[in-house]
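One structure is given here, and the rest of the page talks about it.
Please treat every number below as a calculation from the coordinates, not as lab data. These figures come from a predicted structure and were not determined experimentally. Quick reminder, even Gly has a Cβ in these numbers, built from the backbone with ideal geometry, and neighbours come from all protein chains shown.
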Amino acid sequence: MPKHRLAPVGELKDGEIRPFTLDGRYILLVQGESGPAVIDGICPHAGGDLGKGSVSGQRIRCPTHKYMFDLETGSCPLGRREGWGPVAVHKLEEIDGYIYVDI
Ligand code: FES
């Protein structure tokens, strides 16, 4: 799988959400309180755009129905019903001062 360079390490501000489309896949680079994370940008509940959501601590909130997803596990702490996640979380790497992801 090709690695994609997303941004310099340390460039994102706390709570920033930066969208990318890589090989046709919509993903987000998100700066949570524990560091950067890369997740899919489409909410697993009903297709909301997480790129228009907001970040609180280590979670991202969907703007459509306000479900929150953990940036490390992708899980929704609200429940275990179908459609409540997880959202896909992608492994990122820091190489030579840049954040990379395999998609
Ligand atoms: S579409 Fe995201 S919470 Fe419903």
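Taking interchain pairs and intrachain pairs at least six residues apart, which have beta carbon atoms under 6 angstrom, with the first residue in region 17-33 and at negative phi and hydroxyl-bearing (Ser, Thr, Tyr) and the second surrounded by 20 or more Cβ atoms within 10 Å (Cβ to Cβ) and not in a strand (DSSP E or B)?
TYR26/GLY41
For a quick check of your reading: which strands (runs of 3 or more DSSP E) sit entirely within region 36-103 and have at least 2 residues that are away from the ligand (no atom under 12 Å from the Cβ)? Talk me through it step by step, then tell me what you get.
On the way: elements: 54-56, 59-61, 68-70, 92-95, 98-102.
Here the list reads 54-56, 92-95, 98-102.
Return yes when PHE20 is closer than 23 Å to ASP102 by Cα, among the aromatic types (Phe, Trp, Tyr) and within 15 Å of the ligand (Cβ to nearest atom) and no when it is not.
Values: closer than 23 Å to ASP102 by Cα: yes; among the aromatic types (Phe, Trp, Tyr): yes; within 15 Å of the ligand (Cβ to nearest atom): no.
No; evaluated as a whole, the condition is false for this residue.
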